[in-house]
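Working notes for the structure below.
The values are calculated or read from the model by the stated rules, or taken from the named source; none is laboratory data. Source: prediction; values computed, not measured. Here the Cβ positions follow ideal geometry from the backbone for every residue, glycine too, while neighbour counts run over all protein chains shown. Just the protein is used for accessible areas: all its heavy atoms, side chains included, with ligands, DNA and RNA removed. Shrake-Rupley method; radii C 1.70, N 1.55, O 1.52, S 1.80 Å.
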Amino acid sequence: QVQLVESGGGLVQAGGSLRLSCVGSGRTFSGHYMTWFRQAPGKEREFVTAINWNSGYKYYADSVRGRFTISRDNAKNTVYLQMNSLNPEDTAVYYCAVRRGAYSSSPDQSHYWGQGTQVTVSS
């Protein structure tokens, strides 16, 4: 059984930084994409960034490119999301997800999900 556990969320002032972690268990993630999504109150879940577990190739949403960095530690089965220059529009629950096979930015195409971690950015 695949489990994804996020951590690292919290309250931060605008301009600050946070690093989220997502630890996976239950299978090897070779050949998978690890993806971060987020969902703000009253809004749909949206793509943030993704990384190919094998090659390390990365995708970013335009809204976070240059501020957020995704990385992974294969030995620890962990993916990270370093978030810098945060602003109130980044406030959301951040979810880690896994997709087998080809890249997709659609939440509907992910196969496994974590429980989410709250990120709140105050102005």
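Descriptive notes on the structure:
- Close amide-amide hydrogen proximity is noted between residue 10 and 119, 120, each under 5 Å apart and 5 or more residues distant or on a separate chain (H modeled in the peptide plane; Pro and chain starts excluded).
- log₁₀ of I(q)/I(0) at q = 0.26 Å⁻¹ - the stretch 34-123, Debye sum with one point per alpha carbon: -1.57
- Based on Cα atoms of the stretch 30-78, Rg over Rh with Rh as the Kirkwood radius reads 1.02.
- Solvent-accessible area per residue, Å², over the chain with all protein chains present [probe radius 1.4 Å]: 49
- Computed magnitude of the charge dipole of the chain (debye, nearest 20; Cβ of K, R +1, Cβ of D, E -1): 320
- The stretch 69-123: chymotrypsin sites (Phe, Trp or Tyr not before Pro) in DSSP coil with no more than 15 other Cβ atoms inside 10 Å: 103
- Rel. contact order, % - alpha carbon contacts under 8 angstrom, at least six apart, the chain: 36
- Highest-fluctuation residue, 20, 86, 11 considered, GNM on the chain with Cα pairs under 10 Å: 11
- Computed over protein heavy atoms with a 1.4 angstrom probe, the accessible surface ordering of 119, 2, largest first, is 2, 119.
- Annotation for the stretch 7-112: trypsin sites (Lys or Arg not before Pro) lying in DSSP loop with at most 15 further Cβ atoms inside 10 Å of their Cβ are 27, 43, 67.
- Loop-located GluC sites (Glu not before Pro) in the stretch 16-123 (DSSP state other than H, G, I, E, B) with a sparse environment of at most 16 neighbouring Cβ atoms within 10 Å: 44.
- Taking the 1.4 Å solvent-accessible surface of the chain as the whole, the part contributed by carbon and sulfur is 45%.
- Accessible area ranking (1.4 Å probe, heavy atoms, ligands and nucleic acids excluded), largest first, for 29, 47: 47, 29.
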